[in-house]
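What follows is calculated from the coordinates using simple rules that are stated; it is not laboratory data. Note that this is a predicted model, so its numbers are computed, not measured. Cβ coordinates were reconstructed from backbone atoms using ideal geometry, including for glycine residues, and neighbour counts include every protein chain displayed.
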Amino acid sequence: MKKRNGRLVKKSIKVLFPRVALTTLMNVVNACVAFLVQIWLLKYILNSVGKHSFSHILLVLAIVFVIRLIISSINAYLNTTLYPCMDNSIRKSFQSYVFDFTAKSDIELYDNQEFFDRMHRVVFQSNERIIGLVNIYGNLIYSTVSLLLIGLYLFKASIILLVMIIVPVVINVLIGRIKNRRNYQKSLELTGETRKSEYFKRVIYQKKHAKDVRVTNIVGVVRKMLSGSIDQSISITKNYSSTNVFLDVTKKAVNSIAINIGIVLYVAYKSMVEDSINGTDVIVMIRAIWQLNENSSRMADNILQLHEQSLYIRDVKMFLNLRPSINISDKKDQKEISRFNNDIVFENVSFKYRNSKENVLKNVDLRIGKGQKIALVGTNGSGKTTLVKLLLRLYDPSEGVIKIDGEDIKNINYLNYRQLFGVELQAYRLFAISFKENIYIDKTPHNEQDLCNAIGIGGIIQRSSHGFETNVTKEFDETGENLSGGEEQKIALARAYAKEADIMVLDEPSSALDPIAENEMFKSMMEICKDKTLIMISHRLSSVLDSDCIFMLENGEIVEMGTHDELMNMSGKYSELFDVQAKSYIEGLKV
Amino acid sequence: MRNKDVVRNVTQLIGTLRRKNPFFFWSTIIVYALIGGVSTYVNVYLLMKVLLTIERKEAFSSLVYLIILVVFVEISLKLIESYYLNRMHPVQSLKLKQTINNEIIEKASTIDYKCYDDSKFYDDIMLSLEKSDESLTNSLDIIGVYAKGIVGIVAVIPLFDEISPFLLLFVLLSVVTGIIVQKKLNKCYYERYLSMVPYIKRNSYIMTRFAFWEYSEELRINNFPSVLIKHFKNTYQNMNKVIKQHGRKIILYSICKGLVSYIVIELIVVGYLSYNLFVTKTLSAAVFMVALAAVLNVKDYLNNMAENYEKLMENSLYVSKIQSFMNYENTVVGGDIHPQEGVYDIEFKHVYFKYPFSENYVLKDFSLHIRKGEKAAIVGLNGAGKTTIVNLLLRLYDIQEGVIEVNGVDIKQYDLDEYRRSFGVVFQDFNLYSVSLEENIELGQSEDTQTIENALKKLEFDLEKIGLDSEISSEFDDDGIKLSGGESQKIAIARALVNDRGTNILDEPSSSLDPFMESKMNSILCKEMEGKTIVFISHRLTTTTLADRIFYIENGSVIESGSHKELMNKHGMYEKMYNIQASKYIKKECCQE
């Protein structure tokens, strides 16, 4: 774990260092320039009365102006061009790391709300937070340097005055921390309500809900929920307001008293009563103090913002400290496997999802030989999809082992292992990238024609403006191609096929197809999988009849297995299920 | 945006704010004006008094009084400001939100369904409504900034009058030229932003793929992460190219912007004041300082206002969008006949229909008659127009030609809301909502708990495991219960059972049920809905054998119609489709027997 974090830290330093160094340097320079113009120059002018000529002053003004011009040009370049580019590089490398990490994390964690929320925050916000942190850091440098310069130059390190400058900053930070914590608390309390109201607002705006809104009275529910959530938000806000006002006013009072009474009166006293500071200096000082007031509260604000940001950065750290248990590549003695040679065996496998009470799979034993075509059937919730997910190592079994060619799949390198399977998930997804990438992913295509013929997607590719290079959906590209549900399913099937893996896993591959398309699909699939091992899940039993072995699942157990004929002869669960489906068809034919 | 539009939008904005929440509007203006006036008073006038007291070596005690006054004024002002920011502003903006939301909901829930197809109207108007409440509050804040600025500047004028009116002129000069440069700069930024938009969109798309659980499995099973990350990195590289391309102009204008401000303030104003200090000797050191402070004060206010100008424009644009949304006139409007609750006789007569923004007719000379109390099944291949028939019957769209009659009356003559809600409907793409199970079934109608329980029991829904008051979770993931596809569908079907309408539309009601449940569901539906008019849409033909009459649709017309028996004997398309589905079962059955 240390090693991995170390890599991130190293990488972050490499990307962040130039930006941070430049920010530090420029903020020190900027603070000095501001000091030069706002304090030094004025003091110089006022003290020159009677000593220097007006033309001398003009010369000084011109010199200061030139300095100002040079520095501001550099700033303009940095702020408009260089910083945004550097920030993009930071975003690029940090975000890619987070993506990669997210995709490797155990899917099981997605059921954990806390993890899920954190992951969302990290994926969506951490980038901007890191850049925000750099900017706040820059501001802090600026305000600290300004404060130091004013303090040292004007007050010549008078202890009393320095204390008067520092004390309000410290007190402001302390009070501010209380307020920060309360605000954080408040935002946590409000998040629930905000999410709720955003959700219900979406119900009104989104097309997918538009029919319900018109045909039912769901609007009444929305209205009720929305106003409930706003009332709740109002009362949360009210709860926090009076203490916040009190804290604000206290902060201001400390500041105002320290600056005005502590510093202004002190230096004025020195000048008016003791006569130890000259009158012009006092005027510059008081003007500077008014500014100091601003600077010191700004410095306190920056420290507080830093504190606030660190609360979120903790999220990132906690997230990146998680260790995946499935997709790991740095573990020693992991086996490599290149072909599927013999068989897949489930030995006494049980599984339960993180949040569920009962086992979804119970003591499952099964064997799938190389080249077999097997089918998993059963009612809703019987555990078919879960079984496939275990085989694909989306989850690891709670008990028992799964072996491939005699090797526990946990001991095989995951990236290597998944190359064995061409998969079409029940919830397959297409991405808004090209057909080529959707189907071949990171591989170079070489058998497009076969593929088009086998899956019947030639028509789709042909009508698309750039063939295989066409983007799926018009989301980013006017020339992209929108697909119907059935067509999407074919592309997903093509993806499984294009992988040229030894084992095909298909979960409900025909759910979006009409009967004729379905029939075609099954025909071509048998052809495609001729030399492969095939594992298929289907509701429609007509599609599994030719399987070498059918496993019938019920409540997480395999209750029957065998060929269609064997199972029918058994007159058990399978034949019951088959008859229900067949009966209606048979009756329909008796006309 | 032309100037006339700007004026119109801002007037509209102010009018809206004043009408929707007058208290919020006026209190914001008063609080900000107060802050502007008092800050100027402290930072300019009190500063002057303090400095003059010191310079003229007046009694120290009068200085003490002055300073105590400063402290008192600063703290009191903070009290008001903080009360406004912590209490008044958040509470009132929530109230404003509520008012606006209510109006928008009212309109959005009745606006023509086709507005959702009009991607321009939808993206431009509907989606921006989501930000409307925020934009109103933001606008009010900006109006506050203006109130503060105007009062703050006006308050400083008497001082300039006394010292030198030129100073005000200088500041104005600086700000006006500043605004001109800023406008140029904004244009450049906008152009840069426009060329970045596609990249920004693409990257946020990729971001969501990694964050949403729907994609989690696909990302693990295949090597999509590397492909997506590759795209992601490329996009950032392209973004940096864009930044560099637009760099020169933007840098140039940024330098100009600084130049204008520095020339005027640091060269001209300081020079001018020094001239008075050194040559004419009309200024004392204290007044020199105060004059400079006043100039900077005014410049800050003006800059602040100028910076917020663009934001005000942007926000007022939202308001005009809300306005055009509110003013949208529906084309699908109801008549005044109240539909008789009950069992409908439905007839499509020579109907022509194409979807908005589409060239092709989905229905062509389409006629269909479903008699009162009949169970009608509509079948056909994907894309034959089955769901369109449901959309038309519910008047989500109006037809181009022909007429649809319910109980002999053109459906356009019925009261729209009452008419639509007189159907019981199970949509193909039904939704569950993040409310309790009971509310999910009632959907805003209050129903007897017993009725709901009975309906669920009939559907074999496991009420022991999931009670009526359990929260159902949907897309906004929270602690609610996640239901399987089958359970969700039972809820959708239960809605129709509980509602107990005389006419029911079932669009693929059993698509995610297993065979057992499917046949059970079908027989329950038929039994419970005996005597009612039912329109089934399905591509699974076992469902349709239960129907009294079947309509086979192809290319927007009814090709075959009749009972299952009649259609089978006709040996047409229906029989062909049926045989394909049935053949495998039959083959095996035959072997068995």
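Quick notes on this structure:
- Over all other residues within a Cβ to Cβ distance under 9 Å of B:ARG395, the charged ones net out to +2, with Lys and Arg as +1 and Asp and Glu as -1.
- Taking 0.36 nm per residue of separation and subtracting the Cα-Cα distance, full extension of the segment from B:GLU214 to B:SER358 would add 48.7 nm.
- Vicinal HN-Hα couplings computed from phi for the stretch A:400-416 (Karplus, 6.51 cos²θ - 1.76 cosθ + 1.60; Hz; Gly/Pro x): x, 10, 10, 10, 10, 6, x, 10, 4, 5, 5, 8, 9, 4, 4, 4, 6
- Near B:ASP345, the amide H atoms lying under 5 Å from its own belong to B:ASN407; only residues 5 or more places off or on other chains count, and H is placed 1.01 Å from N.
- Karplus-derived HN-Hα couplings along the stretch A:219-224 (A = 6.51, B = -1.76, C = 1.60, θ = phi - 60°), whole Hz, x at Gly and Pro: 4, x, 5, 4, 4, 5
- Shape box of the stretch A:497-591 [Cα atoms, principal axes, largest first, Å]: 42, 34, 22
- Proximal aspartates and glutamates relative to A:LYS403, as straight alpha-carbon distance under 17 Å, when same-chain residues fewer than 8 apart are discounted: A:ASP333, A:GLU336, A:ASP343, A:GLU347, A:ASP365, A:ASP502
- Antiparallel content of DSSP bridges confined to chain B, in %, to 5: 50
- Summarising the label geometry, the points placed 7 Å from Cα in the beta-carbon direction at A:ASP546 and B:SER61 lie 11.2 nm from one another.
- Taking Lys and Arg as +1 and Asp and Glu as -1, the other residues whose beta-carbon sits under 14 Å from that of B:VAL558 total 0.
- Cα principal axis extents for chain B, largest first, Å: 120, 53, 48
- Taking a ≥ b ≥ c as the square roots of the eigenvalues of the Cα gyration tensor, an a/c ratio of 1.5 or more together with a/b larger than b/c marks the stretch B:336-428 as prolate.
- Given B:LYS4/B:LYS114; A:LYS207/B:LYS321; A:LYS583/B:LYS457; B:LYS97/B:LYS354; B:LYS107/B:LYS364; A:LYS196/A:LYS317, the pairs whose alpha carbons are separated by over 30 Å: B:LYS4/B:LYS114; B:LYS97/B:LYS354; B:LYS107/B:LYS364
- Calculated FRET value between B:TRP26 and A:LYS224, using beta carbons and R₀ = 45 Å, to 0.05: 0.90
- Fully extending the segment from B:TYR45 to B:MET326, taken as 0.36 nm per residue of separation minus the present Cα-Cα distance, adds 96.2 nm.
- Residue order, fewest to most surrounding Cβ atoms within 10 angstrom, among B:LYS4, A:LYS352, A:LYS583: B:LYS4, A:LYS583, A:LYS352
- For chain B, relative contact order (Cα pairs under 8 Å, six or more residues apart, normalised by length) works out to 15 percent.
- Placed amide H near B:ILE559: partners under 5 Å, 5+ positions off or other chain: B:TYR552, B:ILE553, B:GLU554
- Long-range amide H partners of B:ILE505 with built H, under 5 Å: B:GLY424, B:VAL425, B:VAL426, B:VAL535
- Given R0 = 22 Å, the distance between the Cβ atoms of A:SER242 and A:VAL170 translates into a calculated FRET efficiency of 0.35.
- Across the alpha-carbon set of chain A, the Rg to Rh ratio works out to 1.14, Rh being the Kirkwood radius.
- Each Lys and Arg Cβ is given +1 and each Asp and Glu Cβ -1; about its Cα centre, chain B then shows a dipole of about 3060 debye.
- Here the dipole of the protein assembly as shown is about 5660 debye; that uses its Cα centre as origin and unit charges on the Cβ of Lys and Arg (positive) and Asp and Glu (negative).
- For the stretch B:91-104, 3J(HN,Hα) per residue [Karplus equation, 6.51 cos²θ - 1.76 cosθ + 1.60, θ = phi - 60°, Hz, x = Gly/Pro]: 5, 5, 6, 5, 5, 4, 4, 4, 4, 5, 4, 4, 5, 5
- Within the shell of other residues whose beta carbon sits under 10 angstrom from the beta carbon of A:ASP248, the net charge comes to +3, with Lys and Arg scored +1 and Asp and Glu -1.
- Centre separation in Å (Cα based) which lies between the stretch A:246-316 and the stretch B:331-399: 74
- Efficiency of FRET between A:LEU58 and B:LEU296 - r from beta-carbon atoms, R0 25 angstrom, step 0.05: 0.75
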